[in-house]
1. Tally the residues that are assigned to a helix (DSSP H, G or I), more than 15 Å from residue 59 (Cβ to Cβ) and modelled with pLDDT of 85 or more, restricting the search to the range 12-37.
2. Is it the case that the range 103-120 has a residue that's in contact with a helix residue (DSSP H, G or I) (Cβ under 6 Å, 6 or more places away or on another chain), in a helix (DSSP H, G or I) and either surrounded by 10 or more Cβ atoms within 10 Å (Cβ to Cβ) or modelled with pLDDT under 95 (or both)?
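The values are calculated or read from the model by the stated rules, or taken from the named source; none is laboratory data. Just so it is clear, the model here is predicted, and its values are computed rather than measured. Reconstructed Cβ throughout: ideal geometry from the backbone, glycine too, with neighbour counts over all protein chains shown.
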């Protein structure tokens, strides 16, 4: 009976270790979140989507801390959340820039229309 108990114990320990080893570090997820955060920052998210950018930065820091603590599953999940927040910040920044560009073009068109129709008053 002692041999069987030892065998079961060894199997359980082996399974537990295999479970820990089966979760690789979230290197790709962290890199993707960092790249998205950089892209959002370059697109002006600090001005156009500061809340989402802040969420992305905070979650990336949490993911990096979890990865350093070897909590790979948690690090992967939080890195993916950081990626989504950074992508949202980027999209909002791009939309705000597009709206500003549209407004500028509309104003230019209105000025040209007034000039062509002689509605410009000195």
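1. Looking only at the range 12-37, we keep the residues that are assigned to a helix (DSSP H, G or I), and these are 12-21, 27-37.
Right, trim to more than 15 Å from residue 59 (Cβ to Cβ) and you get 12-21, 27-28.
From what is left, the residues that are modelled with pLDDT of 85 or more are 27-28.
Of the residues in that region, 2 qualify.
2. Pass one, the range 103-120, residues in contact with a helix residue (DSSP H, G or I) (Cβ under 6 Å, 6 or more places away or on another chain): 120.
From the residues that got through so far, the ones that are in a helix (DSSP H, G or I) too are none.
No, the range 103-120 contains no residue that is in contact with a helix residue (DSSP H, G or I) (Cβ under 6 Å, 6 or more places away or on another chain), in a helix (DSSP H, G or I) and either surrounded by 10 or more Cβ atoms within 10 Å (Cβ to Cβ) or modelled with pLDDT under 95 (or both).
Conditions (1) surrounded by 14 or more Cβ atoms within 10 Å (Cβ to Cβ); (2) in contact (Cβ under 8 Å) with a residue 24 or more places away in the chain, marked per residue:
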site	(1), (2)
44	yes, yes
51	no, no
59	yes, yes
68	no, no
78	yes, no
82	yes, yes
94	yes, yes
99	no, no
